[in-house]
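A.B. asks: Attaching a single structure in structure tokens format; questions to follow.
What follows is calculated from the coordinates using simple rules that are stated; it is not laboratory data. Everything numeric here is computed off the predicted structure, so don't read it as measured data. Note that we place each Cβ from the backbone using ideal geometry, even for glycine, and neighbour counts take in every protein chain shown.
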Amino acid sequence: MESLRLRTSLFSVLIILLVVTSCGIPGNEPYQQSEKGRALGTTYTIIYDVPDEDVSYHEEILAVFDTVNASMSTYIPNSDISRVNRGEADVVVDDYFKEVFLKSKEVWRQTNRAFDPTVGALVNAWGFGPEEGLGDLDSTQVDSILQFTGLEKVFIDSLNRVVKAHPQVYLDFNALAKGYCIDLIGRMLEEKGVENYLVEVGGEILCKGSNTRRVKNWVVAIDNPLQGEKDRLLISKIKLVDRAMATSGNYRKYRVDETTGEKYVHTIDPRTGYPFKNNVLSTSVIASTCMEADAYATAFMLMPLDSIRSSLRELPGLEAYVIAVDDKGDLVEFRTDGFEDLVIEEEQ
């Protein structure tokens, strides 16, 4: 269950503000179950209403994690994606793989190819992945890897087989598979008749209904980017109602230019093959699905703040909160109006 791991050093800036219980509420209110554990290389917390304290969907939750791993984990040798990456021609991918692939194509187009699940070979070559890099690449090496980078080089045929223009094209869905897994758990709970739940995996969150144990909206909080490594200071709380949120970026591990003092993060740009030096340190995206929030939060880390603002005007279903630094090295914040509407001053 811990096979699908993030291939980047990005961590969420979100923590959950809720009471983890499995106690019934006085009267005829449902009981609330809580599941906690590790999967996909991180921790998870799942809270959901049940009609009786003896009802649990623990096994069903574990089955979802197993399903996603079997389809999309690059750490499992016999997963569908590992077999595809090895160039096996007889692999018929499942509907889960296909759904994630098609969403990847959609986000790839919407972000002018900033989001690209074929970037893994470049990430590894530059030393930003789990494997040892090749050092500073020259233009010849970069051009060589770019030959098999680009989602336009991959499609799924009518028999659900992955067709690659180049055998060395390497797919990696880790930038949105975690969000997709969260969505699948939500679907499973809804099929069981659950109307109120929260699913959190590695800081990414999907909420439906309300927190019946507290008789309030689900509430999450965003960390203060100026705090120390061991601190837990908050800058705002927001309510999530039938929405998902994902965050990409890690302002605690930004780099500082020794000459200019400029703060920035490094992300590999799949369009150029080179590291993209960006002053955007963190992006939190709210969407109707966690897979979509996950993908766009990742893509926005490859855009300057002005481009993110422009993209959001073309994507009305998304809300975002962006933390960046200006030319003086000071932190600046940008929130869409819809995100601002979710901010609460006091716990509700």
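A.B. asks: Using square roots of five times the C-alpha gyration tensor eigenvalues, list the equivalent-ellipsoid semi-axes of the stretch 76-175 in whole Å, biggest first.
C.D. replies: Semi-axes, largest first: 23, 16, 13 Å.
A.B. asks: Could you give me the ³J(HN,Hα) list for the stretch 140-149, computed from phi with Karplus coefficients 6.51, -1.76, 1.60 and θ = phi - 60°, whole Hz, x at Gly and Pro?
C.D. replies: So the J values, rounded to whole Hz, are 5, 5, 4, 4, 5, 6, 5, 4, 10, 10.
A.B. asks: Taking R0 as 41 Å, what's the FRET efficiency between residue 56 and residue 156 from their Cβ-Cβ distance, rounded to 0.05?
C.D. replies: Efficiency at R0 = 41 Å is approximately 0.70.
A.B. asks: Output ³J(HN,Hα) for the stretch 180-185: one whole-Hz value per residue in order, computed from phi by the Karplus curve 6.51 cos²θ - 1.76 cosθ + 1.60 with θ = phi - 60°, and x for Gly and Pro.
C.D. replies: Along the stretch 180-185, the couplings run 5, 4, 4, 4, 5, 5 Hz.
A.B. asks: Ordered by residue, what ³J(HN,Hα) values in Hz, to whole numbers, does the stretch 305-315 give under the Karplus form 6.51 cos²θ - 1.76 cosθ + 1.60, where θ = phi - 60° and Gly and Pro are x?
C.D. replies: So the Karplus estimates, Gly and Pro as x, are 4, 4, 5, 4, 4, 5, 5, 5, 5, 8, 10 Hz.
A.B. asks: Here's another thing I want to ask about it. Between residue 331 and residue 89, with labels modelled 7 Å along Cα→Cβ, what's the label distance in nm to one decimal, could you check?
C.D. replies: About 5.5 nm separates the two model spin labels.
A.B. asks: Further question on the same structure: Which of the pairs 178/216; 153/277; 98/178 have their Cα atoms more than 20 Å apart in this structure?
C.D. replies: Distance filter (> 20 Å) returns 178/216; 153/277.
A.B. asks: Once you list every other residue whose beta carbon is under 14 Å from the beta carbon of residue 99, what net charge do they have if Lys and Arg are +1 and Asp and Glu are -1?
C.D. replies: Around residue 99, the charge tally is -3.
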